[in-house]
Ligand code: IPM
Ligand code: MN
């Protein structure tokens, strides 16, 4: 019996979550796993009604469950940054979900925008660090009445002297944001990446950075990667600059096996990864704390304009449910979800709109749940 926190969220969130749960229930029936779903109302609607985003009491309640299943959050009526930082990032940080695991797999029958590439070419993992880098939230905006030139500002920025008086004059507004990389934070994510490579039979780990420009943070990142790599002599390693890796994802995706990346570059390259695996509708992600409580979600957003229309693709959420089972140690059940999804796509009778079909959100969930029971 697993207690699971469920945060359906906004937009298409509740619809795709229903299908994710439908498929988990089906695989639970087959494999003898029971779930106790604990629903949380948090998201844009709740925030607009109550002014509350995600209080600590909710996190404490989630702490009593084994895992968290999240639909999507976000709404055009809420200013950017509020739900992102106070809900999604708050959960990732509170539970120290330092791994953002994003498999990039193209399944047979899914249209790929890359010419001449098929499922045999696109099958790798992005392991995104999930708690550091430019996501730590250190930054500010202020009006600067003290400096006479950008050079003076830079000099003070280097000295980290931010005690500037606020004036009404916006002409000299300045903003800064600090990225933080730690040795421990890098080490644990890189070890996870190498262990994943071993577990999944992959023989290359690629580290992403921009160490040619952001020399402090990614210089440390590189040093740690070299050290961690020494512990895995059977696994090939390499560095890729982030700009170059976007090119290689398109040109030679078959090269990649496990990619380990700092937080912000990981955010960017996994949207590209989602496109080469057939689109955002198919891309699941896990926010994992291997020793704690993890959270699983589709990597796409809440798509408010499709809300309630039964057109959204639930596959990313269904696959995220599979990643959750894998993390809970239910490998057989996890494999069944992936297998059933692959079969339904291959048969091509119940395809969602984003991959060329006309089936509704609930039909796709139904078909995959039915397939699970037939496997
Ligand atoms: C993602 C999202 C989030 C991120 C946002 C919504 C905070 O884009 O999960 O990729 O930047 O990590
Ligand atoms: Mn993103």
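Here, each number is a calculation from the coordinates, and none is a lab measurement. Keep in mind it's a predicted model, so treat the numbers as computed, not measured. Every residue, glycine as well, gets a Cβ built from its backbone with ideal geometry; the counts of neighbours run over all protein chains shown.
If you stretched the chain out fully between residue 227 and residue 30, how much longer would it get, using 0.36 nm times the residue separation minus the C-alpha to C-alpha distance?
Stretched out fully, the residue 227 to residue 30 stretch lengthens by 66.5 nm.
Going by a ≥ b ≥ c, the root eigenvalues of the Cα gyration tensor, does region 307-362 fall in the rounded group (a/c under 1.5), the prolate group (a/b larger than b/c) or the oblate group?
It is oblate, given that a/c is not under 1.5 and a/b is not larger than b/c.
With everything on Cα atoms, drop me the angle between helix 215-230 and the longest principal axis of the chain, reported from 0 to 90° to the nearest 10.
50 degrees
Please give the Cα centre distance for region 188-245 versus region 1-66, rounded to the nearest Å.
34 Å
Divide by every residue of the chain the summed helix terms, -39500 (n - 2.57) for each DSSP H run of at least 4, and state the resulting mean residue ellipticity at 222 nm, rounded to the nearest 500 deg cm²/dmol.
Rounded to the nearest 500, it is -12500 deg cm²/dmol.
Under 8 Å for C-alpha pairs, at least 6 residues apart: give me the relative contact order for region 1-101, rounded to a whole percent.
Once divided by the residue count of region 1-101, the mean separation gives 40 percent.
Could you list the residues of region 321-355 with an amide nitrogen less than 20 Å from a label point located 7 Å from the Cα of residue 370 in the Cα-to-C-beta direction?
336-355
Ratio to report: Rg/Rh of region 261-324, with Cα atoms as the point set and Rh obtained by the Kirkwood method; give two decimals.
Across region 261-324, the Cα-based Rg/Rh ratio is 1.00.
Pairing the Cα long axis of helix 242-251 with the longest principal axis of the chain, what angle in degrees results, from 0 to 90 and rounded to the nearest 10?
Tilt of helix 242-251: around 30 degrees.
So how do 336-342, 61-67 stack up, highest first, on mean other-Cβ count within 10 Å?
336-342, 61-67
Which residue fluctuates most in the GNM of the chain (Cα springs below 10 Å): 76, 314, 103?
So, out of 76, 314, 103, the one fluctuating most is 76.
How far, in nm, would the chain grow between residue 349 and residue 120 when pulled straight, counting 0.36 nm per residue and subtracting the alpha carbon separation?
So the extension gain works out to 80.1 nm.
Return, for the Cα atoms of region 79-141, the radius of gyration and Dmax in Å, separated by a comma.
16.8, 48
For the chain, find the longest principal axis of its Cα atoms and tell me its angle to the long axis of helix 183-200, 0 to 90°, nearest 10.
Its long axis makes an angle of about 20 degrees.
How much length would be gained if the chain were fully extended between residue 77 and residue 1, taking 0.36 nm per residue of separation minus their Cα-Cα distance, in nm to one decimal?
23.5 nm
From zero outward in steps of 10 Å, how is the percent of C-alpha pairs of the chain spread across the bins?
In order of increasing distance, the bins hold 5, 23, 30, 25, 12, 4, 1, 0 percent.
Looking only at 363, 145, 354, which one moves most when the chain is put into a Gaussian network model with springs between Cα atoms under 10 Å?
Of 363, 145, 354, the most mobile in the Gaussian network model is 145.
Taking the Cβ-Cβ separation of residue 94 and residue 272 as r and a Förster radius of 25 Å, what is the calculated FRET efficiency to the nearest 0.05?
My answer for the efficiency is 0.30.
For the pair residue 252 and residue 147, what calculated FRET efficiency results from E = 1/(1 + (r/R0)^6), where r is the Cβ-Cβ distance and R0 = 51 Å, to the nearest 0.05?
Computed FRET efficiency for residue 147 and residue 252: 0.65.
May I ask for the Rg/Rh ratio of region 163-272, computed from Cα atoms with Rh as the Kirkwood radius, given to two decimals?
My calculation puts Rg/Rh at 1.12.
Can you compute the modelled spin-label distance between residue 306 and residue 63, with each label point 7 Å from Cα toward Cβ, in nm?
3.6 nm
Return the single residue from 156, 335, 243 with maximal mean-square fluctuation; model: Gaussian network over the chain, springs between Cα atoms under 10 Å.
Taking springs between Cα atoms under 10 Å, the residue moving most is 156.
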